[in-house]
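S.K.: Have a look at this one before I ask anything.
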Amino acid sequence: MSVIISIYSSYFVCQNPSDNIFTNFECVNEPRMAALYVCALSSGYCFYDIYVCIYEIEFTPKECRDYIFHHAVGVFGAILVLINGQFFVLLSVANLVSESSNFLMNIRWRLLKHKMTESWMFFASSVAFMVVFFWSRVFFMFKVTLRFY
């Protein structure tokens, strides 16, 4: 859900339909409600993921300290973004697009856990993960970095 709203907020929320966050800085400085909602939604996901790691998967605090740190930084960042507003909201939302490969990574993890690495599903999810990872974390984030920095 966050990835879909993030992509929508990056490309389709400017007042002029032909603009996006890469073509118009005024659009970046005036975030729409969808961008604010996705910051709040992703913070909720961070809390939920910590809950799942500790209570459902039953990781010990030592085993999941990197998850807790990663998610605590995400929540703290979202709070700061919502307080500061404007430019930082859409920069944060654009960074959430990089999370689009997580769904496929989780499928691969489940297939590995159940020792289904010889399955066609493992190969298909691995290829899809590689493509989405490259698009979101390499190409898209490089584009965001060039635009905003």
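S.K.: Quick check on the chain: helices-only [θ] at 222 nm, where DSSP H runs of length 4 and up contribute -39,500 (n - 2.57) each and the sum goes over total residues. Nearest 500, please.
M.R.: Counting only the DSSP helices, I get -20500 deg cm²/dmol.
S.K.: Hey, how many Å between the Cα centroid of segment 85-149 and the Cα centroid of segment 1-21?
M.R.: About 18 Å separates the Cα centre of segment 85-149 from the one of segment 1-21.
S.K.: Further question: For the chain, the longest stretch holding no trypsin sites (Lys or Arg not before Pro) located in a DSSP loop with at most 15 other Cβ atoms within 10 Å is which?
M.R.: With a cap of 15 other Cβ atoms within 10 Å, the longest stretch comes to 1-61.
S.K.: Something else about it: Which net charge results when you count Lys and Arg as +1 and Asp and Glu as -1 among the other residues whose beta-carbon is under 11 Å from that of CYS64?
M.R.: -2
S.K.: Taking 0.36 nm per intervening residue step and subtracting the Cα-Cα distance, what contour gain separates PHE12 from VAL52 on full extension?
M.R.: 11.1 nm
S.K.: Sticking with this one: Pull out a ≥ b ≥ c, the square roots of the eigenvalues of the alpha-carbon gyration tensor of the chain, then state rounded if a/c is under 1.5, prolate if not and a/b is larger than b/c, and oblate in the remaining case.
M.R.: oblate
S.K.: For each of CYS46, CYS53, count neighbouring Cβ atoms within 10 Å of the residue's Cβ, then give the residues from fewest to most.
M.R.: So the ranking, lowest neighbour count to highest, is CYS53, CYS46.
S.K.: So how do TRP109, TRP120, TRP135 line up by other beta-carbon neighbours within 10 Å, fewest first?
M.R.: By the 10 Å Cβ count, ascending, the order reads TRP120, TRP109, TRP135.
S.K.: Continuing with this model, one more query. Using alpha-carbon pairs under 8 Å, 6+ residues apart, how would you state the relative contact order of the chain in percent?
M.R.: Normalised by residue count, the contact order of the chain is 26 percent.
S.K.: At 0.36 nm per residue, minus the direct Cα-Cα distance, what do ARG147 and ILE83 gain on full extension? Give it in nm, one decimal, please.
M.R.: Between ARG147 and ILE83, full extension yields 20.8 nm more.
Read-outs throughout are calculated quantities, based only on the coordinates presented, and are distinct from any laboratory measurement. Worth saying up front: this structure is predicted, and the values here are computed from it rather than measured. Ideal geometry is used to build each Cβ from the backbone, glycine not excepted, and the neighbour counts take in all protein chains shown.
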